[in-house]
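Only one structure is covered here, and it is reproduced in the block below.
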Amino acid sequence: MDWHCDEETSALFRHYSLQNALEYDGDGKVGSVIGRIMAERPDLRQHGVVISAMLAAEVKTANDLAKSSGLGHLRSILEAEAPHLLAKRSKERREGLPPLPNAIEGEVVLRFAPNPNGPLSLGHGRGVVINAEYAKLHDGELILRFDDTDTSRKPPLPEAYAQIAEEVEWLAGFPPHRTIFASDRIETYYEYAEEIISGGGAYVCNCSSDDFKLFRQQKTECPCRGLDERENLARWKQMLEPDSIPGSAVVRIKTEMGLKNPALRDWPALRIQDTTAHPHPRPEIGSRFRVWPLLDFQSAIEDHLQGVTHIIRGKDLMDSTRKQMLLYEKYGWNYPETIYWGRVKIHEFGGFSTSGMRRAIEAGEWSGWDDPRLPTIATMQRRGIQPRALRKFWIELGLTQKDIAVSLATLYSHNRKIIDSTTPRLSFVRDPVEIELSSADCDSQSEISIASHPSSDLGQRTIEIIWRDDSTEVIVERSDLKSHDSGLRLKEWCDISPPTDGQSSMLSLNAQGDYPIIHWLPTNSPSAILLKPEGDELDIISGNLEVNTHPVGTIVQLERVGYARIEADDEDGGKVLIHLHD
């Protein structure tokens, strides 16, 4: 018997598919959707074969939409079309982050540990937000630790230290409980290195990197591995000499050369760096030290010393966890609880890295770390993104190990909800065209009073109109004059006749016809420039802005254009604004 899917049932399939995709972070399951629908609509069970195929297509569409437009877009559809499914979901699924395993209230210690080779990127924000949120939830501590022990490959940027500290506090909503500089603690790492060498848990290897790579591939021990502790300590002392040669020796943690994972086989812990040619940029450190710990060794030691209870890191660092656990076994320490997340790709940005951005900035390709086109926290601040929106964005994405792709539309949705009620409206006329407007039989008003916000009490704004006899001049956008052979409605003021050769007349103060509504300004309105990032390009949009007294830093909504932040006053009394989002 043929079965016809009516409009109501089709909507049911779509809505449940959207709900499931939202619940499972863009990885909805057909079986779960079928189960829910059959429970609600037993009459559909006899058509299971047909329905399964239809739902498979709907679930795929919903998952694809989640990946292309973000979870916030799915939520907005359900809010408009099936809000009861959102209410149901909130009861079934815990809001916010999942429980932190083995967390003891008041004793949780987490750390955010950036390399200060540049200020924070948008991706770094995830680490700040998630660690800070767990610290708040458990009355714990958040440590900011600068992992600044690489002076050659990713050398620290001196100004990044203070900027990162400010950005962490801005994102977290509170200052870190402790701030640690790994470069201040080199002698401590030396102590632990000497201890493990003395105990036979590590050795100093003089093999070339190519030779050791071959040993690792063949699962054979290098000649240095069998030397006694006395010889290894002598080699260690030689490494510390000021004339030691970079690449001539490395301290290796003794594991097993037969381990299945090559990365774990006698992994390197400390090496010689040429700090004469590449001194540490912190002047108190400079060229004081010749031997520097690699990240896996330094981070492991520091996590233990600072009492870190939980580590939250990318799943690409699972090998680091395995290396460090082998090290902890040698010291007899308990390794922290470790939680992993997958990669997050932001659709609007390509493969930006901090090192790559730094090179491009130094080469003059970008104006700075807050260039409007860059995915940095500095750029988010400059454009007007609120820290609470970033917190909601990252917490909503959660801790899934799946690699996910999201759109900035989700972040913008959160930001819009936060700023809208306190954001005054202004008119911005792009590509202005002047029109001489005759008052004809209408009253010649000297000013128009308009609400600064349609639904919030932000007061009134006033537009002054200068009349000469029975005419005045206004400016409108050139594009608004195209293809309008009937009248136009100047927003909040009057109907006008179709402009001809720059001439028009007022028809009525009250809206009489079904005319297109356009915005306008008096011709004496100050000039303005709107900077709008479009991928790798920065559009510079010129126009005129409604007279206002809002100070620099104010976020406004430019009617029919979008939200923007007033960035500067120019010398001629105009404004420079930067586009935030629609």
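The values are calculated or read from the model by the stated rules, or taken from the named source; none is laboratory data. Everything numeric here is computed off the predicted structure, so don't read it as measured data. FYI the Cβ positions are ideal-geometry reconstructions off the backbone, even for glycines, and counts take in every protein chain you see.
So here's what we get for this one:
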quantity	calculated
Tally of residues being out of contact with any Ser or Thr (no Cβ under 9 Å at 6 or more places or on another chain) and among the aliphatic types (A, V, I, L, M) across segment 140-156	1
Segment 1-23 residues that are surrounded by 12 or more Cβ atoms within 10 Å (Cβ to Cβ), paired with ones that are at pLDDT below 85 and hydroxyl-bearing (S, T, Y) (beta carbon under 8 Å, 6 or more apart)	N20/S32
Residue in segment 91-100 that is at positive phi, surrounded by 20 or more Cβ atoms within 10 Å (Cβ to Cβ) and not in a helix (DSSP H, G or I) present	no
Members of segment 1-40 found to be farther than 25 Å from G96 by Cα, hydrophobic (A, V, I, L, M, F, W, C) and assigned to a helix (DSSP H, G or I), listed by number	A11, L12, F13, I34, I37, M38, A39
W292 over 30 Å from M239 (Cα atoms), in contact with a helix residue (DSSP H, G or I) (Cβ under 9 Å, 6 or more places away or on another chain) and either surrounded by 14 or more Cβ atoms within 10 Å (Cβ to Cβ) or among the hydrophobic types (A, V, I, L, M, F, W, C) (or both)	no
Those residues of segment 198-244 which are polar (S, T, N, Q), assigned to a helix (DSSP H, G or I) and surrounded by 13 or more Cβ atoms within 10 Å (Cβ to Cβ), in sequence order	S198, N232, Q238
Complete set of residues in segment 516-537 that are among the β-branched types (V, I, T) and touching a helix residue (DSSP H, G or I) at 6+ places or on another chain (Cβ under 9 Å)	I518
Test: residue in segment 39-50 that is buried (at least 18 other Cβ atoms within 10 Å of the Cβ) and β-branched (V, I, T)	no
Conditions (1) in contact with a Ser or Thr (Cβ under 7 Å, 6 or more places away or on another chain); (2) over 29 Å from A528 (Cα atoms); (3) among the β-branched types (V, I, T); number of the one not met by I395	(1)
Segment 264-290, residues that are outside any loop (DSSP other than H, G, I, E, B) and either touching a Lys or Arg at 6+ places or on another chain (Cβ under 7 Å) or hydroxyl-bearing (S, T, Y) (or both)	L264, P268, A269, I272
Identity of the residue in segment 160-186, free of Cβ contacts under 8 Å to residues at least 24 places away in the same chain and acidic (D, E), that ends up nearest to W369 (Cα to Cα)	E166
Inter-residue pairs, beta-carbon under 7 Å, first under 15 Å from Y24 (Cα atoms) and in segment 52-71, second of a type in the set (V, I, T), 6+ apart	V59/V30; V59/V33; G70/V406; G70/T410; L71/T410
Some residue of segment 369-382 being part of a helix (DSSP H, G or I), in contact with a helix residue (DSSP H, G or I) (Cβ under 6 Å, 6 or more places away or on another chain) and surrounded by fewer than 23 Cβ atoms within 10 Å (Cβ to Cβ)	no
Condition met for L65 (in a strand (DSSP E or B), in contact with a helix residue (DSSP H, G or I) (Cβ under 8 Å, 6 or more places away or on another chain) and surrounded by 17 or more Cβ atoms within 10 Å (Cβ to Cβ))	no
Residue list for segment 118-174, restricted to those being of a type in the set (K, R) and part of a helix (DSSP H, G or I)	R126, K136
Hits in segment 319-335 - residues which are touching a strand residue (DSSP E or B) at 6+ places or on another chain (Cβ under 7 Å) and within 20 Å of N115 (Cβ to Cβ)	T321
Count - residues of segment 394-417 that are closer than 23 Å to G553 by Cα and in contact with a His (Cβ under 9 Å, 6 or more places away or on another chain)	7
Residue under evaluation W341, criteria (1) modelled with pLDDT under 95; (2) in contact with an Asp or Glu (Cβ under 9 Å, 6 or more places away or on another chain), criterion not met	(2)
Complete set of residues in segment 468-497 that are at negative phi, loosely packed, with under 13 Cβ neighbours inside 10 Å and either out of contact with any Pro (no Cβ under 9 Å at 6 or more places or on another chain) or modelled with pLDDT under 90 (or both)	R468, S479, K482, D485, S486
Flag if E191 is without any contact (Cβ under 8 Å) to a residue 60 or more places away in the chain, out of contact with any Leu (no Cβ under 9 Å at 6 or more places or on another chain) and part of a loop (DSSP other than H, G, I, E, B)	no
Condition broken by P432, with the remaining ones in (1) in contact (Cβ under 8 Å) with a residue 60 or more places away in the chain; (2) over 13 Å from the mean Cα position of the chain (by Cα); (3) surrounded by fewer than 17 Cβ atoms within 10 Å (Cβ to Cβ) satisfied	(3)
Filtered residues of segment 398-415 (kept if touching a Ser or Thr at 6+ places or on another chain (Cβ under 9 Å) and either small (G, A, S) or closer than 30 Å to S525 by Cα (or both))	A405, S407, A409, S413
Residues of segment 483-517 classified as farther than 20 Å from S444 by Cβ, assigned to a strand (DSSP E or B) and in contact with a Ser or Thr (Cβ under 9 Å, 6 or more places away or on another chain), total	0
